[in-house]
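Here's the structure, in structure tokens; my notes come after.
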Amino acid sequence: MKRRVFSGIQPSEMIHIGNYIGAVKRWVESQNDAEKENIFCVVDLHALTVPQDPHALRERTLELMALFLAVGLDPDKSILFLQSHVSVHAEGAWLLNCVTPEGWLKKMTQYKDKSAKQETVLTGLLDYPVLMAADILFYDVHEVPVGEDQKQHVELARNIAERFNYHYGETFIVPEPMIAASGARIMGLDDPTAKMSKSSAHIKGHVIRLLDDPKDIERTIMRSKTDSGSEIRFSKDPEKAGVNNLLTIYHALTGKSKEAVEQDFANARGYGDLKKAVAEVVIASTEQIRVRHRDIISDRAELERLMKLGADKARAISEPRLRDVKKKMGLILG
Ligand code: AMP
Ligand code: TRP
């Protein structure tokens, strides 16, 4: 039997190369693996957990859907859909809320970080991992490819699945987080000690967005923070975090081994050479994506047709599991 894969990404801010390397690029690889059945979702309900401008949210949602296609996700091979189009997610999250102790949610690192930055913390922000668990569990998913930062949320989904199965009988598959060995944590280019993050996208020189202009990409990389030395090698030394981050980006995008990457820079004259090479690789690997995105986003009707198609396929999988869960919990099916 094929292993089912599910992952999602929020339409908050345009996605950056950290999202691409840590998540989306790996989805494309998973799509081309004959042993896997893949489902990828634009999780717009998750974006609502922090205040959003409705118009901007709509635009970014379409932009992200178009980006799925532009990076090579194929609606004939994978199910691609918008979370809010399938009511199982919101309904399922409610049911799972009623088996999830609140203490589990208050312990989540991302909740603690994000809530500390908000004046008013919305209930949805606390409940966010339960919605994520619903995304995963109602699709009988085996594998969840995500970056390091989402591991804790996938573990929570596992705990929820186990608790449900214990109370109501064997129902949910307990999913595995799939974290990339390398590139699972791309750091900010302005500050290599902090994860590259959408919520810091407003800070100058922090992110490279997938659709950024080549000139901007080059500028951001040439100005990225390194150290005062000259040694170009992978390293866990916090001092060398900037160089390590640039090498990790190069390694992930070229697919070369770490040894081969270090070899490429054995004769470099300094960090300038490294930065130039990294900029070239980033620009080359995003070029096609930019061109395709421009075409795809201009055909709104086709984009809407594909979203509808994806949602129909998603419903066909998740609705039967939702009915099963409702029945097990003692609800009367309508
Ligand atoms: P988010 O930006 O939180 O919507 O994350 C979307 C996906 O990208 C998730 O799978 C994250 O784990 C992954 N991700 C986010 N930031 C990074 C990063 N700096 N490096 C690698 N992966 C990331
Ligand atoms: N919470 C994830 C993030 O911010 C996105 C997400 C929502 C997700 N639902 C999911 C990822 C289900 C994997 C599986 O990155």
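Coordinate-derived values only; no laboratory data. Here the structure is a predicted model, which means the values were calculated and not measured. No Cβ is skipped: glycine too gets one built from the backbone with ideal geometry, and neighbour counts run over all protein chains shown.
Scanning the stretch 132-146 for residues that are more than 13 Å from W104 (Cβ to Cβ) and within 7 Å of ligand 2 (Cβ to nearest atom) yields D135, I136, V144, V146. Here K225, K215, K204 are screened, and the one residue that is free of Cβ contacts under 8 Å to residues at least 60 places away in the same chain, farther than 30 Å from I317 by Cβ, out of contact with any Lys or Arg (no Cβ under 7 Å at 6 or more places or on another chain) and surrounded by 15 or more Cβ atoms within 10 Å (Cβ to Cβ) is K225. Taking the conditions exactly as written (surrounded by fewer than 23 Cβ atoms within 10 Å (Cβ to Cβ) and within 16 Å of ligand 1 (Cβ to nearest atom)), does K107 satisfy them or not? Here the answer is no, as K107 does not meet what is asked. Assess whether A180 counts as being within 14 Å of ligand 1 (Cβ to nearest atom), in a loop (DSSP other than H, G, I, E, B), within 20 Å of the chain's Cα centre (by Cα) and of a type in the set (G, A, S). So A180 fits the description; yes. Being assigned to a helix (DSSP H, G or I), within 16 Å of ligand 2 (Cβ to nearest atom) and surrounded by fewer than 22 Cβ atoms within 10 Å (Cβ to Cβ), is that true of even one residue in the stretch 66-87? So far as the stretch 66-87 goes, yes, one or more of its residues are assigned to a helix (DSSP H, G or I), within 16 Å of ligand 2 (Cβ to nearest atom) and surrounded by fewer than 22 Cβ atoms within 10 Å (Cβ to Cβ).
The set of residues from the stretch 230-265 being free of Cβ contacts under 8 Å to residues at least 12 places away in the same chain and on the phi < 0 side of the Ramachandran plot comprises S235, K236, D237, K256, S257, E259, A260, Q263. Could you check the stretch 292-334 and list, in sequence order, the residues that are under 18 Å from A66 (Cα atoms), exposed (fewer than 15 other Cβ atoms within 10 Å of the Cβ) and touching a residue at least 60 places away in the same chain (Cβ under 8 Å)? If the condition is that a residue be under 18 Å from A66 (Cα atoms), exposed (fewer than 15 other Cβ atoms within 10 Å of the Cβ) and touching a residue at least 60 places away in the same chain (Cβ under 8 Å), then R300, K308 are the ones that fit.
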